[in-house]
């Protein structure tokens, strides 16, 4: 779907059916990318930036470009390579661009919720791409509707876009500063007007956002530093919590949008979400995760094991660290298929029941007759870990000792990670020994919260650890705790879907 910015009128259409296994891992959030580079193929560069951020979301992708006078957008459901072809990229000519790859956290997986979102204010076009989750969406939306705003999507990102449109009177930096006074929650944004690109990070810095340079006053903004190298950009720094950076033909300006609050960068970014070749707090995540493996080996040793095996890909650095600290050989015991995640061909029920076997293949020569340490990053529901343990026993392992680099996940996230409801979180219901029996492991050890923080090496107040300890740094209203689909449910009640919406009275779960 390609459109010029004139209003918010995307059609809500159900996502094409696809198979994506409901794994034990928390689901990714979103990736954002922005570039200001007159004279460059900004849409092409943005495409490759999004490609490097594909791990952060696989439901939809989009790019908005500025010609200097007007904004244009192309977005669809699917992976970055499914959404864009050469013709699409060539049609998106401009001097600056923003892009987004999405996994839904508020609002379900439908085209109308894909980003970026475009709108027209009294003084010009605005496009917004958002990573994170607001906790005052319902309140803000009601206020904007009372002012006459008409909403066409079911996500909190449109609330941000509509707020910017309603406030914009000519200076986009002032507009964003005013908007930040009313936004509560997690938001890392890239904002595009005909002449300016902005990066914005919430006062707690829950989600990452960094700045890169490609020289001669040309800059990129990305969720993670791993997106900079592929487009030839040099890492400059992370945006500070509460900071705005604005880039135009006059250069780069740094503004304080909101006073910095207590740092609350998501610990799961360090453990799982961000790519290991990214930097957070000027720390290599590969090195941090390797140290998590060291800490895990100290807290939960397994001296009689024959081999340490990671669950790829996120378990690899920690497994290397565990093997180093424990002086146990490291081995590749599981091969991951990287192409099963999204397919438009539905598996049979029998194939669905095979679960992890569609995604992972054991290497019997590594596992047979061995006492195995299996290193993974998280257990959320416990519905995949048991299959992996059984797979290793089926491949001939005599013992399977599960080691997890995250503490037990006992509380849901409301800041941009799609996680199970609390009653679905296995660690909220069961003690560690009960989980061990549930997954069928010989033993089970989680890295402690203190161990995670030691591995990162920063003061404890730099993190959000709410999913582990229930201490939410930003207060969460009760309506947000009910469902990420709260806006869908409201729309269904009033028959608001314009086309292709749910016909059975319930929104489609992701």
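The values are calculated or read from the model by the stated rules, or taken from the named source; none is laboratory data. Note that this is a predicted model, so its numbers are computed, not measured. Please note: Cβ atoms are built from the backbone with ideal geometry, for glycine as well, and neighbour counts cover all protein chains shown.
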task = Hey, can you tell me all the residues within the range 197-215 that are touching a helix residue (DSSP H, G or I) at 6+ places or on another chain (Cβ under 8 Å) and not in a loop (DSSP other than H, G, I, E, B)?
result = 198, 200, 210, 212, 214
ask   = Any residue in the range 68-83 that is within 24 Å of residue 249 (Cβ to Cβ), touching a residue at least 24 places away in the same chain (Cβ under 8 Å), outside any loop (DSSP other than H, G, I, E, B) and in contact with a helix residue (DSSP H, G or I) (Cβ under 7 Å, 6 or more places away or on another chain)?
value = no
request  = Of the conditions (1) farther than 30 Å from residue 461 by Cα; (2) at pLDDT below 95, residue 258 clears all except one; give me its number.
outcome  = (1)
message = Suppose the filter is at pLDDT 95 or above and buried (at least 24 other Cβ atoms within 10 Å of the Cβ); does residue 231 pass it?
response = no
task = Please indicate, with yes or no, whether at least one residue in the range 319-332 is surrounded by 17 or more Cβ atoms within 10 Å (Cβ to Cβ), part of a loop (DSSP other than H, G, I, E, B) and touching a residue at least 24 places away in the same chain (Cβ under 8 Å).
result = yes
remark   = Checking 42, 80 in turn, the sole residue that is closer than 19 Å to residue 199 by Cα, crowded, with 23+ Cβ neighbours inside 10 Å and touching a strand residue (DSSP E or B) at 6+ places or on another chain (Cβ under 6 Å) turns out to be 42
ask   = What residue, of 165, 236, is over 30 Å from residue 448 (Cβ atoms), in contact with a strand residue (DSSP E or B) (Cβ under 8 Å, 6 or more places away or on another chain), at pLDDT 95 or above and in a strand (DSSP E or B)?
value = 236
inquiry  = Cβ contacts < 7 Å: first residue assigned by TED's automatic domain parsing to the domain that holds residue 130 and on the phi < 0 side of the Ramachandran plot, restricted to the range 151-168; second residue crowded, with 24+ Cβ neighbours inside 10 Å and part of a loop (DSSP other than H, G, I, E, B), any location; separation 6+ or different chain. Result?
reply    = 153/107; 154/107; 155/106; 155/107; 156/106; 157/115; 160/183
key: Qualifying residue in the range 57-66 (condition: surrounded by fewer than 19 Cβ atoms within 10 Å (Cβ to Cβ), assigned by TED's automatic domain parsing to the domain that holds residue 196 and touching a residue at least 40 places away in the same chain (Cβ under 8 Å))   = no
